[in-house]
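Here the structure is laid out as structure tokens; the discussion comes afterwards.
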Amino acid sequence: MIYIYKIKKNNGMTIIEILVSIAVLSIIMLVVSSFQVNVLQYNKFANDSLQGAQDARGALKVIVKELRSAKPGSNGSYAIAQAATSSITFYSDIDADGLQEQVRYFLLGNILNKGKIKPSGSPLTYNPANEEFSILAYSVRNSATNSLFEYYNNSYVSTSTPLTQPVTTSAVRLVKINLLIDADPNKSPSSRLYVGEVTLRNLKDNL
């Protein structure tokens, strides 16, 4: 008996099928890559927000501690040398060596910086060339409409308005720090405000 086998010819995929497959694969890859980018961006935002919160709390703790012990400089200067909305300069023995360092907190762009000058020479002076710098916080969003530092006199109550600029430094008895942090202003939730208040204990009179 003779058997006849019919062989089916396989012509493979057509050009259209290939193009459709490539298009579907491209769409899948685009969706996956977009998802990965979103996850990475969210993780970065979350990490930056957490770091910003830690920086803000740490900065407030340091500023309040050092301001609270402000006193006349080792050269006889008044305890507060300068009181502006985005910076403050004062004298405080921050390293407990018996000498008052000149301490300066100031905004440079969106970065909160600290400057420190140890007195030197005879008589003691504060040489600006000896200022040492460090960074306390990033992503600071304070502006002209949201002051970083506010100053109050000896009649301060919770409803008091800050002293107007330029501030007479000898009138300052309390300093309020309003640290506005926002890792990314284009994302929600928006900025967070960290507030600290400090009475200048070595200058207080009626407080």
Worksheet, complete the sentence: Picked from the range 135-151 (must be in contact (Cβ under 8 Å) with a residue 60 or more places away in the chain and assigned to a loop (DSSP other than H, G, I, E, B)), the residue farthest from VAL64 (Cα to Cα) is SER139
Worksheet item: Within the range 97-114, is there a residue that is among the polar types (S, T, N, Q) and in a strand (DSSP E or B)?
Response: yes
Worksheet item: Looking at (1) hydrophobic (A, V, I, L, M, F, W, C); (2) surrounded by 12 or more Cβ atoms within 10 Å (Cβ to Cβ); (3) part of a loop (DSSP other than H, G, I, E, B), which is the only condition VAL175 fails?
Response: (3)
Fill in: Sole exception among (1) within 25 Å of ASP95 (Cβ to Cβ); (2) crowded, with 17+ Cβ neighbours inside 10 Å; (3) in contact with a strand residue (DSSP E or B) (Cβ under 7 Å, 6 or more places away or on another chain) for TYR152, by number
(1)
Worksheet entry | Residue count, the range 161-188 (criterion: closer than 19 Å to ARG201 by Cα and small (Gly, Ala, Ser)) | 2
Worksheet item: Restricting attention to the range 145-158, which residues are hydrophobic (A, V, I, L, M, F, W, C) and more than 16 Å from the chain's Cα centre (by Cα)?
Response: VAL157
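Check the range 164-172 and report whether any residue there is touching a Gly at 6+ places or on another chain (Cβ under 9 Å), under 21 Å from VAL62 (Cβ atoms) and either touching a residue at least 60 places away in the same chain (Cβ under 8 Å) or surrounded by fewer than 16 Cβ atoms within 10 Å (Cβ to Cβ) (or both).
No, the conditions are met nowhere in the range 164-172.
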Worksheet entry | Failed condition for PRO166, given (1) out of contact with any Pro (no Cβ under 9 Å at 6 or more places or on another chain); (2) part of a strand (DSSP E or B); (3) at pLDDT 95 or above | (2)
Worksheet item: Does the range 48-71 contain at least one residue that is in a loop (DSSP other than H, G, I, E, B), closer than 21 Å to ASN186 by Cα and at pLDDT below 95?
Response: no
Worksheet entry | Residue ID - surrounded by the fewest Cβ atoms within 10 Å (Cβ to Cβ), chosen from residues in the range 86-96 that are among the polar types (S, T, N, Q) and not in a loop (DSSP other than H, G, I, E, B) | SER87
Worksheet item: Across the range 129-149, which residue is surrounded by the fewest Cβ atoms within 10 Å (Cβ to Cβ) among those that are over 18 Å from ARG201 (Cα atoms), of a type in the set (A, V, I, L, M, F, W, C) and out of contact with any helix residue (DSSP H, G or I) (no Cβ under 7 Å at 6 or more places or on another chain)?
Response: ALA129
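The values are calculated or read from the model by the stated rules, or taken from the named source; none is laboratory data. Small disclaimer: the values here were computed from a predicted structure and weren't measured. Virtual Cβ from ideal backbone geometry, glycine too; neighbours counted across all protein chains shown.
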